[in-house]
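Undergrad: Next up is a structure, given as structure tokens.
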Amino acid sequence: MHSEHFIQTDVLVVGGGSAGTMAALEAKKQGVDVVLVDKAGIYRSGCGAAGNDHFLSVLETGPDWDTPEVFLKWYQRLTQGLVDTKIAENTFLKRSKQLTVELEEMGIPMKEGEDGGYIRTRSFAQPGDYFINFDGRALKPKISKIAESAGVKFITNVAVVDLLTNQGKVVGAVGFHIRTGEFYIFQAKAVVLATGNATRMYENPSGLPFNAWHSPYNTGSAQAMALRAGAEVKNPEFVNYTITPKNFSASALNAVVGMGGYLVNAKGERYVFKYHEKGEQGPRWAMPWGTYWEEVEGRGPCYFDLRHLSDSAKKHLIEHLLPVDKNTFMDYCEQKGIDPGTDLMEVQISEGQHPAFLGSVSGIFVDEHCRTTVPGLYAGGACAVGIGSLAGSMCFGQAAGAEAGAYAQGTEMSELVQPQVDELRELTYAPMSSRGDFNYTEAENKLRQIMSDYVSISRNEEGLAAGLSELKALKKLFGQIKAENGHDLMRTHELRDLLLISKAITTGALDRKESRFGLSHYRRDFPETKEEWHKSTHLSLKDGVLNIRYVEPYN
Amino acid sequence: MLPIQIDYKRCNGCGICEKNCPGDLIYSDEKTGLPYIKYPDECWFCGACRIDCPKNCLDIKFPLTSL
Ligand SMILES: Cc1cc2nc3c(=O)[nH]c(=O)nc-3n(C[C@H](O)[C@H](O)[C@H](O)COP(=O)(O)OP(=O)(O)OC[C@H]3O[C@@H](n4cnc5c(N)ncnc54)[C@H](O)[C@@H]3O)c2cc1C
Ligand code: SF4
Ligand code: SF4
């Protein structure tokens, strides 16, 4: 029997990354009790654990592009109308300028220019220089400290397993301590989900599944919990790829193309122009798409080429961007024996995942008030569809926290349903008493094999159907995974969530008889983008079955 | 080879690397109180363990297949 903790609060925030920490702080500012729970340590957790270097912001400094209107128009085009731009307007655009100033006041170096001003660059087809280049190594610990000092109660090393509901409303959540195994029951008036993206469901080119582009410890828990609680998940079939250095999943592409770096093939030709009129300044998806075809048609390997950059651009990139974006970037270069300024750096198409970078259209469906379709349940950051990126997630989280705080103020605490708590306790610990003899690694490897074989870059009807039945078979084996300790239990529950996310991806992909967003959803049997498919998939879960409804694009 | 290498002559056992690791891979040895990586196959190579190490005694070593 594991010991139990019961925690009551007005607002519960699940996941203390970039979005969740801001959500908790903002809810606290409304004067309510706030608990922030994370399976990691919060001060350094999530995608921003070891620092970020680009802060998206619309500062309204004068030029046309630096206005909310131009930004929104571009964002609408980028997401092809599959994202409601009211969310970006209400969360990001209302806050990014103010947040930029606040971060500076907190002591985060935002103005890194020689003239004491901002250094701003653009990438991924942006109409202007929206990305402030900054030194964000201390960002995560700093905002965590501010949230904790403001009175947010931190609960660390507790993985949340599922939400608690009562009469269609979310009333709390349950989880367990990832070392001691102790059980946690949370009762709350409102819950904000902010557990980030979904990774580890596709094979990694290096063979190391945790060597992932975004945090490998984010496994789509929020999306899976939201589905199980009755909320909707949008467009899961669009799996995201990027370009990373060979065998090393550093998210360097933004920095490289932002500074004017090139992508070249084995013949030394810049190839992205063949696939998008803007070349390396095109949207992110154009680069994995072009690289895929260069390799398929025998012109690989492909490379980052920075040799033409000026000395000052190289210095900025190598000293200020790449090692801040990924703290171990220069260790990789050194151990591989390359100098990024003078040598070509081989690249690869990353593993597939669901990160909410800017322009992503997949995740929990929320409205412009960050509300899911279930009362009492809010979401923000990379787990939800709204606005991606670091700054986008922070603002999205802030807005979700403010909305949840205001809702909690006008709501009574609802009772927990005891049989539901008992059932979830049993489900949580089932892997500890399993008589099966699989460990989580074996089962997770099988998941990656299925997804990579049938549901990855090149899709067709028969393959997707085969993938779906393989996933069903794997789900049946889930009860045979044995967990020996809290760590195993955490990984096993991550797999439970990944299985549902994978099923959602496959279900959406099987139904969508067209191709869209480059490699994200490329159906060999329906290679064209079709007007009749210009709409969003909305999935919901009922009695274990995923149901689809389609929603027209926002114009 | 382990992805993080700790110089135990300099390590003061402060536990910051253990707290920082976003995947909870680092544990303290019960006897010595010093950190070690318990789940090396689950390393993200993120550097969060190293970034705040007060003794600067932690190195990241990439496995051959990630180079
Ligand atoms: C190396 C790297 C560099 C980047 N650099 C930039 C950049 O410079 N600019 C930019 O715009 N974007 C950047 N990004 C993207 C950006 O960091 C993310 O978009 C952003 O951090 C997402 O915030 P989030 O709060 O949604 O998720 P995260 O910050 O990842 O937080 C998710 C949190 O949820 C917790 N969690 C997960 N599951 C559970 C569970 N079941 N129970 C409890 N807790 C759970 C995790 O431990 C984590 O703390 C970068 C990403 C990476 C990986
Ligand atoms: S590099 Fe990152 S994932 Fe690996 S041990 Fe250090 S903190 Fe943990
Ligand atoms: S942070 Fe550095 S000094 Fe502290 S325990 Fe870890 S390795 Fe040792």
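Undergrad: Please calculate how many Å² of accessible area the range B:4-60 carries per residue, with a 1.4 Å probe and no DNA, RNA or ligand atoms counted.
TA: Working: 2840 Å² over 57 residues.
With the other protein chains kept in place, the range B:4-60 gives 50 Å² per residue.
Undergrad: Tell me which GluC sites (Glu not before Pro) from the range A:9-104 have a DSSP coil assignment and no more than 15 other beta carbons within 10 Å of their own.
TA: Counting only loop positions with at most 15 other Cβ atoms within 10 Å, the GluC sites (Glu not before Pro) in the range A:9-104 are A:Glu60.
Undergrad: What figure in square angstrom, to the nearest 10, would you give for the accessible area of A:His2 with a 1.4 Å probe?
TA: Using a 1.4 Å probe on the heavy atoms, I get roughly 60 Å².
Undergrad: Let me ask something else. Name the residues of the range A:254-275 whose amide N is less than 11 Å from a point 7 angstrom out from the Cα of A:His308 along the C-beta direction?
TA: A:260-264, A:269-271
Undergrad: Just to confirm, what accessible area per residue do you get for chain A at 1.4 Å probe, in whole Å²?
TA: Heavy-atom accessible area per residue stands at 35 Å².
Undergrad: Rounded to the nearest 100 Å², what is the sum over both chains of accessible area buried where A meets B, with a probe of 1.4 Å?
TA: Adding both sides of the contact gives about 2800 Å².
Undergrad: Which positions within the range A:325-355 get 30 Å² or more of their accessible surface covered by the other protein chains, compared to the chain by itself, with a 1.4 angstrom probe?
TA: A:Lys326, A:Asn327, A:Thr328, A:Asp331, A:Tyr332, A:Gln335
Undergrad: Then there is this: For chain B, what does -39500 (n - 2.57) per DSSP helix run (n ≥ 4), summed and divided by total residues, give at 222 nm, in deg cm²/dmol to the nearest 500?
TA: Calculated at 222 nm, the ellipticity per residue is -2500 deg cm²/dmol.
Undergrad: Something else about it: What pairs in A:Lys153/B:Lys61; A:Lys73/A:Lys169; A:Lys189/A:Lys475; A:Lys86/A:Lys513 have C-alpha atoms more than 31 Å from each other?
TA: Too far apart for the 31 Å limit: A:Lys153/B:Lys61; A:Lys73/A:Lys169; A:Lys189/A:Lys475.
Undergrad: By the scheme Lys and Arg +1, Asp and Glu -1, what is the net charge of all other residues having a beta-carbon under 11 Å from that of A:Val455?
TA: On the way: positive: A:Arg448, A:Arg459, A:Lys503; negative: A:Glu237, A:Asp453, A:Glu470.
Spelling it out: positives minus negatives among the neighbours equals 0.
Undergrad: Rg and Dmax in Å for the protein assembly as shown, alpha carbons only: what are they?
TA: When restricted to the Cα atoms of the protein assembly as shown, Rg and Dmax are 22.8, 67 Å.
Undergrad: Residues of the range A:39-67 that become at least 50 Å² less accessible with every protein chain present than in their own chain isolated, using 1.4 Å: which are they?
TA: When all protein chains are present, A:Arg44 each give up 50 Å² or more of accessible surface.
Undergrad: Then there's this: Using just the helices of chain A, give the 222 nm mean residue ellipticity in deg cm²/dmol: DSSP H runs with n ≥ 4 each add -39,500 (n - 2.57), and the total is spread over all residues, rounded to 500.
TA: It comes out at -10000 deg cm²/dmol, rounded to the nearest 500.
Undergrad: Lys and Arg at +1, Asp and Glu at -1: add these up for the other residues within a Cβ distance under 14 Å of A:Lys476 and post the number.
TA: +4
Undergrad: What list of whole percents do you get for P(r) of the range A:243-349, with Cα-Cα distances grouped in 5 Å bins up to the one holding the largest distance?
TA: Computed distribution, short to long bins: 2, 13, 25, 27, 19, 11, 3, 0.
Undergrad: Same structure, new question: Could you check how much of the accessible area of the range A:318-403 is carbon and sulfur, as a whole percent, using a 1.4 Å probe? Intermediate values should be presented prior to the final figure.
TA: Details: 990 of 2030 Å².
Result for the range A:318-403: 49 percent of the exposed heavy-atom area is carbon or sulfur.
Undergrad: Then there is this: Grab the other residues whose beta carbon is less than 13 angstrom from that of A:Ser57, score K and R as +1, D and E as -1, and report the net.
TA: +1
Undergrad: Need the C-alpha centroid separation for the range B:28-45 versus the range A:214-291, integer Å.
TA: Distance between centres, Cα-based: 32 Å.
Undergrad: Then there is this: If you restrict to DSSP beta bridges whose two residues both lie in chain A, what percentage is antiparallel, to the nearest 5?
TA: 65
The values are calculated or read from the model by the stated rules, or taken from the named source; none is laboratory data. None of the values given here were measured: they were computed from a predicted structure. Positions of Cβ are backbone-derived with ideal geometry, glycine not excepted, and every protein chain shown enters the neighbour counts. Note: accessible area is taken over every heavy atom of the protein model, side chains too, but ligands, DNA and RNA are not part of it. Shrake-Rupley method; radii C 1.70, N 1.55, O 1.52, S 1.80 Å.
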